[in-house]
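Below: one structure, written as structure tokens.
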Amino acid sequence: MPELEPGKLDVSLSLYELQKKIYPRAVTGWFATWRWTLVWFTQLLFYGLCWLPWNGRQAVLFDLAERKFYIFGLIFWPQDVFFLALLLIISAYSLFLFTALGGRLFCGYACPQTVYTEIFLWIEEKIEGSRAARMKLDQQPFSTRKLVLKTAKHGVWIAVAMWTGFTFVGYFTPIKSLAQSVLSLSLGPWETFWILFYGLATYGNAGYLREQVCKYMCPYARFQSVMFDPDTLVVTYDAERGEPRGSRSRQSDYRAQGKGACVDCGICVQVCPTGIDIRDGLQYECIGCSACIDACDQVMDKMEYPRGLIRYSTEQAIRQHWGRKEILAHLLRPRTVIYGAILALIIGATAYGIAARLPLKVDVIRDRNSLSREVEGGLIENLFRLQIMNVSEIPQRYVVGVTGLDGIDIAAERVVEIPAVSARTVLMPVRVPPEAGKKGSHRIYFDVKALGDAKIAVHEKASFLMP
Ligand code: SF4
Ligand code: SF4
């Protein structure tokens, strides 16, 4: 680096903030138990669901090659993209509602970044030891012990990450055949790419980037503040009760010493996965994991002070010294009621739409190569292509009829057999006598009905061209 000339100002700036590695201290307590319960729940669901069989197939499979999505007994086709849009709207409104009610509940308990960071940290602690041991190990010069511990940690991390990548791809390609391809070393290029991509993303995000993802990469962290209001529940330090902070012996009367309840032990900072000090107030880096609540409650127990110096509370509640009853009463407010009502409405409409869905879909397309033509007997013929989709899990036979013009008829086999969860395109020549209509386009209707179940029927319109 060049020497700075005396009297000259050094205006060089780093484009990147230097990050100090964070060594979160392990914590136990009520919220930690909830966090781990959710880790178990979400991970058992994620790693297990793709292996669950259903009607001879994978229970949950987003089969991109076949363009069919299976979710237990429900089968979605590309034509059902409407439900995907509804699902996205439901997710957005759920996020609005839960953020308005409880701040970053999703980030702290269910976000994959939090969940995998928690798992990776647990592995790190099991192999390298406590927070102090990990810090010491990182400062030590290279040694055989250090090499063994680091290799073991990264080995287990990579194994978990690759299994995660494999599981992720197993939701898009049948997982049993994917497993066979892996074992026989015959994976396709796309499957290999996505397993490695998702696996390496998990390894990098949960092993290295950790809180950086929440701080700098996650857009939710940036816009969540607009969903907060003074009645939103957030992890809060009660400064009025805690300050002035300072160390003291357990037996001493801290009030007589002019001190607050905070003993300034710094444990709330040591357990924080994003390395912030909640005593500085609400910060966008706070993911609402509540680790600092558990940690501080333990300190309060040791000091024999009441718990809750750091607790879930609201801006208003802290200001106005509200208790639990008033806080709960303010959960219902115009914003949350409106979000809740819209959410209930969309969920209801989606559930109704799915329940009322017919297991039959029909698309009618006129054959572009042959418009109207005259055939034997002077009849006028139009050719139509009917794509009939049997969305049910049993084979079906359908009868096709046509109405709309005098003497209209189909000059082909009317009964069509379609295997379960399949589609067939059939060519339907439709004929009418020449006196059935004037020159131009006429509205006609195709009726496709399942043989043996009159309720499964589709009435689809089309246009017939008279020359
Ligand atoms: S854990 Fe509690 S007592 Fe200790 S520094 Fe944090 S707020 Fe103060
Ligand atoms: S301040 Fe507390 S709640 Fe926020 S991220 Fe840190 S430990 Fe979690």
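Annotations
- Some residue of the range 420-427 being on the phi > 0 side of the Ramachandran plot and touching a residue at least 40 places away in the same chain (Cβ under 8 Å): yes
- Filtering the range 238-281 to residues that are part of a loop (DSSP other than H, G, I, E, B) and within 9 Å of ligand 2 (Cβ to nearest atom) leaves 271, 272, 273, 274, 275, 276, 277.
- Test: residue 392 is in a loop (DSSP other than H, G, I, E, B), surrounded by 15 or more Cβ atoms within 10 Å (Cβ to Cβ) and polar (S, T, N, Q): yes
- Within the range 284-294, being among the aliphatic types (A, V, I, L, M) and closer than 12 Å to residue 311 by Cβ holds for one residue alone: 293.
- Boolean, residue 220 is among the aromatic types (Phe, Trp, Tyr) and assigned to a helix (DSSP H, G or I): yes
- Matching residues, the range 224-237, being in a helix (DSSP H, G or I) and surrounded by fewer than 18 Cβ atoms within 10 Å (Cβ to Cβ): 225, 226
- The range 434-467: number of residues that are more than 30 Å from residue 355 (Cβ to Cβ), outside any strand (DSSP E or B) and out of contact with any Asp or Glu (no Cβ under 7 Å at 6 or more places or on another chain): 6
- Test for residue 352: is it away from ligand 1 (no atom under 14 Å from the Cβ) and among the aromatic types (Phe, Trp, Tyr): yes
Residue-wise test of (1) touching an Asp or Glu at 6+ places or on another chain (Cβ under 7 Å); (2) surrounded by 15 or more Cβ atoms within 10 Å (Cβ to Cβ); (3) aliphatic (A, V, I, L, M).
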site: 44; (1), (2), (3): no, no, yes
site: 49; (1), (2), (3): no, yes, yes
site: 55; (1), (2), (3): yes, no, no
site: 101; (1), (2), (3): no, yes, yes
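- The range 64-89, subset in contact (Cβ under 8 Å) with a residue 12 or more places away in the chain, of a type outside the set (Val, Ile, Thr) and touching a strand residue (DSSP E or B) at 6+ places or on another chain (Cβ under 7 Å), residue surrounded by the fewest Cβ atoms within 10 Å (Cβ to Cβ): 72
- Count of residues meeting criterion [closer than 27 Å to residue 266 by Cα, of a type in the set (S, T, N, Q) and part of a helix (DSSP H, G or I)] in the range 21-50: 2
- Leading residue by the ranking (surrounded by the fewest Cβ atoms within 10 Å (Cβ to Cβ)) among those in the range 282-324 that are within 9 Å of ligand 2 (Cβ to nearest atom) and on the phi > 0 side of the Ramachandran plot: 288
- Unique residue being within 29 Å of residue 242 (Cα to Cα), at pLDDT below 95 and within 16 Å of ligand 1 (Cβ to nearest atom) when the list is 318, 327: 318
- Residue 148 fulfils the conditions (1) part of a helix (DSSP H, G or I); (2) among the β-branched types (Val, Ile, Thr); (3) within 25 Å of the chain's Cα centre (by Cα) except for a single criterion, (3).
- Looking only at residues in the range 261-278 that are within 8 Å of ligand 1 (Cβ to nearest atom) and buried (at least 19 other Cβ atoms within 10 Å of the Cβ), the one that is nearest to residue 305 (Cα to Cα) is 261.
- Residue count for the range 321-367, restricted to those that are part of a helix (DSSP H, G or I), over 30 Å from residue 391 (Cβ atoms) and out of contact with any Leu (no Cβ under 8 Å at 6 or more places or on another chain): 10
- Within the range 259-317, the only residue that satisfies the criterion of being without any contact (Cβ under 8 Å) to a residue 12 or more places away in the chain, touching a helix residue (DSSP H, G or I) at 6+ places or on another chain (Cβ under 6 Å) and within 29 Å of residue 206 (Cα to Cα) is 277.
- Flag if residue 38 is surrounded by 11 or more Cβ atoms within 10 Å (Cβ to Cβ) and either at pLDDT 85 or above or not assigned by TED's automatic domain parsing to the domain that holds residue 423 (or both): yes
The values are calculated or read from the model by the stated rules, or taken from the named source; none is laboratory data. It should be emphasised that the depicted structure is a prediction, and the values quoted were computed from it without experimental measurement. Cβ atoms come from the backbone with ideal geometry, glycine included; neighbour counts cover every protein chain shown.
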